[in-house]
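The values are calculated or read from the model by the stated rules, or taken from the named source; none is laboratory data. Values in this document were obtained by computation on a predicted structure and should not be read as measured data. Reconstructed Cβ throughout: ideal geometry from the backbone, glycine too, with neighbour counts over all protein chains shown. Calculation scope for accessible area: heavy atoms of the full protein, side chains included, ligands and nucleic acids excluded. Shrake-Rupley method; radii C 1.70, N 1.55, O 1.52, S 1.80 Å.
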Amino acid sequence: MSDAALDVVEFVLTTSVYSDDRTLDENDLPPSYRRVFWTGGSDESEDDDDDSRTRGGITRPLSATNTTARQATDVDRPWEAVSGLMFTDRDEFSGTITFTEEGMAEQWYLDRTDDERLLENPTLAKHFAEHDEYDVDVSHEAARERNRPIQADRVWIDGLLEEYFDEEDDEEMLDLVDVRAPEEVDVTLDDLVLTAGQEAEIDKIAKAIEHRDYLAEIGLREIGKLLFVGPPGTGKTSTAQALAQDMDLPFVEVKLSMITSQYLGETAKNVDKTFEVAKRLSPCILFIDEFDFVAKTRRSDEHAALKRAVNTLLKSIDNISLIQDDVLLIGATNHPDQLDAAAWRRFDEIVNFPKPDYNMRADILRVITRQMRIDEFDPELIADATEGMTGSDLRMVLREAVLEALTEDRTMLTQEDLLNAVEEFEERDNLKNMDMIDGDHDALVAGGDVDGSGDDHGHDHDHDH
Ligand SMILES: Nc1ncnc2c1ncn2[C@@H]1O[C@H](COP(=O)(O)OP(=O)(O)O)[C@@H](O)[C@H]1O
Ligand SMILES: [Mg+2]
């Protein structure tokens, strides 16, 4: 019997138990199930209830059809997968898959599952734990603890954003904050080569999150605000995202440079709202990139409203806490020299992101080429030839090599390709530096440089999607 049948039986069983047991709520459903049954206040909702402006939810009964089963389990033909079983039936008219003998279905399922799998499904964990005739070793609480809270689901996040920001705010908000569900973050810690110091900081923060009740008890509240410091392209953004992915937390990103005079009237308010959203999404990671913007704004004689927005931000940072609000704050800056004391003292840990040394470069090369085929690949040799380059630079080198090879219709790279790409990259780098020295910005315009700010951010425009 295939896994497909097991997946579908589990799904049908879950819809049935959930429909009957009114004490269960959305956090008892695995994320892939509740995504299917979530009806938001959005246009996607299928049945228009009277209270259409509520933020949505899951309405009983849950119906297991070919469509819902496919969406939830990824099984192509759900009915075909289970139609051969003695206890399954399908309503010709509605297409609903049901069990003729619930007890038989339960036993069939239990015979083929294990505790690990049951723990992934709080609805069934509760059901089987409650019935003494089934001898299972899992508790409802343990399964719920394990299950990702609905606050981390995309559908829930969208509903929340809709509630907080009306249409008119949308444009600015979309520029200013970006909220990603953990399932939408594709960077993992495995993809990143970290220094020992960075790893130690990550361990520390993971422990702090795990034991936050204890920390609250002993009155340790000044914890959970990290500042990532280092040149562009050294992995600050990726590491913050990977943490969100690793801990299964929503990732709320604030882009400070998007606080521009364009929408000043609303900005302070929106900064406030952003922190509110973060609290409502908690536990989550709030990532504030380009933190040097704060200090720069306070120093210069900017528009008063802009200063107000930045002061609102600093106040909001003071008022948010990992221990009380379950929000882990991570700031990042490429220009630590521009931070003032007011900005520094708001962070309790500083994490250094240096340019990678020889060994790290070799490791980064190994990581980013994992899926590539390279003849006579010698990462050490490339590491030797790429002194001073960041992880982002190395990615660009590899991209260049791949594209070059493709122009010769090759998907198999050679070490030679990589060395050529390194050379190419360095030439480009030299060109760029020349332009800086001459201050000849006309040359940059013709080259299509998109950075209108004139800041020398180097390779700061590597958007990794
Ligand atoms: N230490 C590293 N290990 C693996 N990849 C890295 C590392 N540093 C940077 N990169 C890669 O370079 C790209 C840019 O990194 P990013 O996190 O945006 O840097 P930053 O935020 O510091 O400017 C990403 O695709 C990332 O995967
Ligand atoms: Mg970044």
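Here are the numbers for the structure shown:
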read-out: Positions within segment 81-111 being in a strand (DSSP E or B) and β-branched (Val, Ile, Thr), in sequence order; value: THR88, ILE97, THR98
read-out: Among the residues listed as ASP115, ASP91, the single one being in the same structural domain as ALA64 (by TED's automatic domain parsing), more than 25 Å from ALA242 (Cβ to Cβ), more than 35 Å from the chain's Cα centre (by Cα) and surrounded by fewer than 18 Cβ atoms within 10 Å (Cβ to Cβ); value: ASP91
read-out: Residue within segment 163-179 that is at pLDDT 90 or above and open to solvent by 30 Å² or more (accessible area, probe 1.4 Å) present; value: no
read-out: Some residue of segment 368-391 being of a type in the set (A, V, I, L, M), surrounded by 18 or more Cβ atoms within 10 Å (Cβ to Cβ) and away from ligand 1 (no atom under 16 Å from the Cβ); value: yes
read-out: Subset of segment 339-367 [over 28 Å from PHE293 (Cβ atoms) and without any contact (Cβ under 8 Å) to a residue 60 or more places away in the chain]; value: ASP357, TYR358, ASN359, ARG361, ALA362, LEU365, ARG366
read-out: Restricting segment 219-254 to residues that are away from ligand 1 (no atom under 12 Å from the Cβ) and farther than 18 Å from SER321 by Cα, the residue that is modelled with the lowest pLDDT; value: ASP248
read-out: Hits in segment 229-239 (condition: open to solvent by less than 30 Å² (accessible area, probe 1.4 Å) and out of contact with any Gly (no Cβ under 7 Å at 6 or more places or on another chain)); value: VAL229, GLY230, SER238, THR239
read-out: Helices (runs of 4 or more DSSP H) within segment 181-252 that include 2 or more residues basic (Lys, Arg) and out of contact with any Lys or Arg (no Cβ under 7 Å at 6 or more places or on another chain); value: 196-210
read-out: Pick from segment 400-416, criterion assigned to a helix (DSSP H, G or I) and open to solvent by less than 40 Å² (accessible area, probe 1.4 Å), ranking: nearest to ASP429 (Cα to Cα); value: ALA401
read-out: Selection count where residues are touching a residue at least 60 places away in the same chain (Cβ under 8 Å), open to solvent by 10 Å² or more (accessible area, probe 1.4 Å) and within 16 Å of ligand 2 (Cβ to nearest atom), scope segment 314-338; value: 2
read-out: Hey, LEU215 away from ligand 2 (no atom under 16 Å from the Cβ) and over 23 Å from LYS307 (Cβ atoms) or not; value: yes
read-out: Verdict on VAL155 being touching a Phe, Trp or Tyr at 6+ places or on another chain (Cβ under 8 Å), among the aliphatic types (A, V, I, L, M) and more than 16 Å from ligand 2 (Cβ to nearest atom); value: yes
read-out: Helices (runs of 4 or more DSSP H) completely within segment 293-396 that count 1 or more residues being touching a Lys or Arg at 6+ places or on another chain (Cβ under 7 Å) and modelled with pLDDT of 90 or more; value: 304-319, 322-325, 358-368, 379-385
read-out: Test: residue in segment 305-313 that is more than 16 Å from ligand 1 (Cβ to nearest atom), open to solvent by less than 10 Å² (accessible area, probe 1.4 Å) and under 23 Å from ALA244 (Cα atoms); value: yes
